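The values are calculated or read from the model by the stated rules, or taken from the named source; none is laboratory data. Given the structure is predicted, the values throughout are model-derived calculations rather than measurements. Backbone-built Cβ (ideal geometry, glycine too); neighbour counts: all protein chains shown.
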Amino acid sequence: MIACYTIGWLWQAIIHPAGIRRVSGGYPAGIRRVSGGYPAGAWQAAMLKKAHRLKSSIRIAQIRAEGASWANRWVVLVKAHGQIASSRFAFVVSKRIGKAVRRNRVKRMLREAVRQRLAEITPGWDVLIIARHPLGEANWAQVEWAIVDVLKRARLLARPGFSQQQESAPESHGHL
């Protein structure tokens, strides 16, 4: 179990096999200190891999100017053909969402919703996901639904076992 406490401005966590322990002073025997509140290495497993991150502000501006967009109540998705084989994602959360803590929470939930669906997302796209104001009040289920909905609308979410060609509208062959 993890217990968090503060030392000045830095959050700390202690991990103890018997459960949460309150810390007053030093560290009891059998307890290991970890900075940031995560067990060692656990945060790396939950991150969006570097190959799937879009960091270039120039490329983000290009996507926003030239890309096609889809929206629902919570998010706007803008996509453009990517420059590499894997799909890359950038997340925009404006100050209208709230203060820094709320904005960071929203970004973490958006990244996690995308990370969980990476295997189902069609490769080769650069995607910009822009949070709308109601997302600041949304819970995890609403965020996940919003991402899945907008990915389906943009035809980026491939159904397992189907190719993109099978998902497109059937061609008419002169039949009624």
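A few comments on the model shown:
- Candidate set: segment 99-130, residues that are among the aliphatic types (A, V, I, L, M) and more than 19 Å from ARG155 (Cα to Cα); chosen: the one nearest to the chain's Cα centre (by Cα): MET109
- In the set ARG111, ARG73, ARG96, only one residue is charged (D, E, K, R) and under 22 Å from ILE58 (Cβ atoms); that residue is ARG111.
- Residue in segment 59-81 that is surrounded by the fewest Cβ atoms within 10 Å (Cβ to Cβ), counting only those that are out of contact with any Gly (no Cβ under 8 Å at 6 or more places or on another chain), assigned to a strand (DSSP E or B) and among the hydrophobic types (A, V, I, L, M, F, W, C): ALA68
- For segment 112-146, a residue qualifies if it is surrounded by 17 or more Cβ atoms within 10 Å (Cβ to Cβ), among the hydrophobic types (A, V, I, L, M, F, W, C) and either in a helix (DSSP H, G or I) or not assigned by TED's automatic domain parsing to the domain that holds LEU77 (or both), and the qualifying residues are ALA113, VAL114, LEU135, VAL143, ALA146.
- Scanning segment 117-176 for residues that are hydroxyl-bearing (Ser, Thr, Tyr) and at pLDDT 75 or above gives a single hit, THR122.
- Per-region count, segment 82-95, residues buried (at least 18 other Cβ atoms within 10 Å of the Cβ) and assigned to a loop (DSSP other than H, G, I, E, B): 2
- In segment 96-111, the qualifying residues are those that are part of a loop (DSSP other than H, G, I, E, B) and in contact with a helix residue (DSSP H, G or I) (Cβ under 9 Å, 6 or more places away or on another chain), and the one that is nearest to TRP145 (Cα to Cα) is ILE97.
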